[in-house]
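Chemist: Shown below is the structure under consideration.
The values are calculated or read from the model by the stated rules, or taken from the named source; none is laboratory data. These figures come from a predicted structure and were not determined experimentally. Backbone-built Cβ (ideal geometry, glycine too); neighbour counts: all protein chains shown. Heavy atoms of the whole protein, side chains included, go into the accessibility calculation; ligands, DNA and RNA do not. Shrake-Rupley method; radii C 1.70, N 1.55, O 1.52, S 1.80 Å.
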Amino acid sequence: QSCYALALHYGIYPDELEAKIEKRMIDKFIPYDGRMNTGFHSTLPLMKELVKRGYSEKAFQLLETTDFPSWGYSIEQGATSIWERWDGYVKGRGMQGAGMNSFNHYAFGAVGEWMYMNILGIQPLKEFPGFTHFILKPLPGGTLTWAEGSYHSISGNIETKWKKENKTFEYTISIPANTSATVYLPGKLIKDHFDPGEYRFEEGHSIFELSSGKYVLISEI
């Protein structure tokens, strides 16, 4: 999984092999009974590539599972932060050696970036540094029915909250002053509630531009 995820993420492959490499990345879940077999440098690229290539439900499955190795397994062992090792503590064996067993470590904790960019939908754009313009594209998935959070950017606090209920998706957002966002709202926008003016519908999303302010957007999904 690691080598294929890294190759895809950094674009280090001949174009004609892209489809084959993607397939092999997915196939490599089979020998590990559907679980991850990635380390420090490849876990975040794997999660990103799964979403990018249409396997978002697999990414949510990895996020939510409690099978070893996983974030959920660590939580079940008492973790309140992200550990350096998947096997920092294992039932029946106990603690890993103290030499390399931090209980607050960024490497696997980088999934936090994935959660902000996908679950909350807050995504920066390289051509607009400092979040002067950014993307809001929430990704509901797994067993999640709601999410809420914020990111304190250099341009101000970006807040998002969503809930999924029956066949509607409600997305509450706050865009800081002097910034703007391109919004990708899952499903068909209900214009009776909010009409952004010109917008388009592509690949299951209502897409439109918003300036600074607070908005409540509702769609049919």
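Chemist: For GLU113, all conditions in the list (1) crowded, with 16+ Cβ neighbours inside 10 Å; (2) assigned to a helix (DSSP H, G or I); (3) among the acidic types (Asp, Glu) hold save one; what is the number of the exception?
Modeler: Every listed condition holds for GLU113 apart from (1).
Chemist: Tell me, yes or no, whether the stretch 182-196 has at least one residue that is part of a strand (DSSP E or B), closer than 29 Å to GLU84 by Cα and open to solvent by 30 Å² or more (accessible area, probe 1.4 Å).
Modeler: no
Chemist: Tell me which residues, restricted to the stretch 121-141, are open to solvent by less than 50 Å² (accessible area, probe 1.4 Å) and farther than 22 Å from GLU203 by Cβ.
Modeler: GLY130, PHE131 - these are the residues of the stretch 121-141 that are open to solvent by less than 50 Å² (accessible area, probe 1.4 Å) and farther than 22 Å from GLU203 by Cβ.
Chemist: Assess whether LEU144 counts as being at pLDDT 95 or above and buried (at least 17 other Cβ atoms within 10 Å of the Cβ).
Modeler: The answer is no for LEU144.
Chemist: Let me ask something additional. Just for helices (runs of 4 or more DSSP H) wholly inside the stretch 2-87: which have at least 1 residues that are of a type in the set (D, E, K, R) and surrounded by fewer than 18 Cβ atoms within 10 Å (Cβ to Cβ)?
Modeler: 18-27, 43-52, 56-64, 71-76
Chemist: Open to solvent by less than 60 Å² (accessible area, probe 1.4 Å), in contact (Cβ under 8 Å) with a residue 40 or more places away in the chain, farther than 15 Å from ALA147 by Cα and in a strand (DSSP E or B), is that true of TYR171?
Modeler: Answer is no for this residue.
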